[in-house]
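Chemist: My questions all concern the structure below.
The values are calculated or read from the model by the stated rules, or taken from the named source; none is laboratory data. Owing to the predicted nature of the structure, the values given are computational and were not obtained by experimental measurement. Cβ sites come from the backbone with ideal geometry, for glycine too, and all protein chains shown count toward neighbours. What goes into the accessible areas is simple: the full protein's heavy atoms, side chains included, and nothing from ligands, DNA or RNA. Shrake-Rupley method; radii C 1.70, N 1.55, O 1.52, S 1.80 Å.
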Amino acid sequence: MTSNFVWNRYWTYPDSRSKPLGRQAFQFLIVNVIGLAIRTVVFDRLKPVTISFAEELLPSQFDSEAVGVYSALVLAVIVVLFWNFSINRVWTYSDVQ
């Protein structure tokens, strides 16, 4: 998380360096903690659906439960990717003090 914050601050959004470092790091932390909570909830809700879907679609020699779990995780990570990018762009790395 630290590496991600530093690279975003100095490489991706260099104009955001006008914000105080501590404040910006705290905002980044908050966005990521909320992202973790979102990922957990989305994963928990999607897991039974994706497992059921995998059991219906896949032949019996495949591990439908594993495919369902990993599919739910991929979908949850994609949701959080958009959350983190959007909120960090608008709030954490904006030029507005």
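Chemist: Among the residues of segment 22-71, which ones are β-branched (V, I, T) and within 23 Å of S86 (Cα to Cα)?
Modeler: I30, V31, V33, I34, I38, T40, V41, V42 - these are the residues of segment 22-71 that are β-branched (V, I, T) and within 23 Å of S86 (Cα to Cα).
Chemist: To continue, here is another question. Please tell me if S86 is under 19 Å from S3 (Cα atoms) and among the hydroxyl-bearing types (S, T, Y).
Modeler: yes
Chemist: Identify the single condition in (1) within 11 Å of the chain's Cα centre (by Cα); (2) open to solvent by less than 60 Å² (accessible area, probe 1.4 Å); (3) of a type outside the set (D, E) that L36 does not satisfy, given that it satisfies every other one.
Modeler: Status for L36: all satisfied but (2).
Chemist: Is at least one residue of segment 75-83 part of a helix (DSSP H, G or I) and in contact (Cβ under 8 Å) with a residue 60 or more places away in the chain?
Modeler: Within segment 75-83, none of the residues are part of a helix (DSSP H, G or I) and in contact (Cβ under 8 Å) with a residue 60 or more places away in the chain.
Chemist: Would segment 6-13 turn up any residue that is outside any helix (DSSP H, G or I), touching a residue at least 24 places away in the same chain (Cβ under 8 Å) and surrounded by 11 or more Cβ atoms within 10 Å (Cβ to Cβ)?
Modeler: Yes - at least one qualifying residue is present in segment 6-13.
Chemist: Could you tell me which of the residues F62, F26 is in a helix (DSSP H, G or I), surrounded by fewer than 18 Cβ atoms within 10 Å (Cβ to Cβ) and of a type outside the set (D, E)?
Modeler: Exactly one residue qualifies, and that residue is F26.
Chemist: Output the residues belonging to segment 15-54 that are aromatic (F, W, Y) and farther than 30 Å from A72 by Cβ.
Modeler: The answer is F26, and nothing else.
Chemist: Open to solvent by 80 Å² or more (accessible area, probe 1.4 Å), at negative phi and part of a helix (DSSP H, G or I), is that true of F43?
Modeler: no
Chemist: While we're on this one: Quick one: would you say L73 is open to solvent by 90 Å² or more (accessible area, probe 1.4 Å) and hydrophobic (A, V, I, L, M, F, W, C)?
Modeler: The answer is no for L73.
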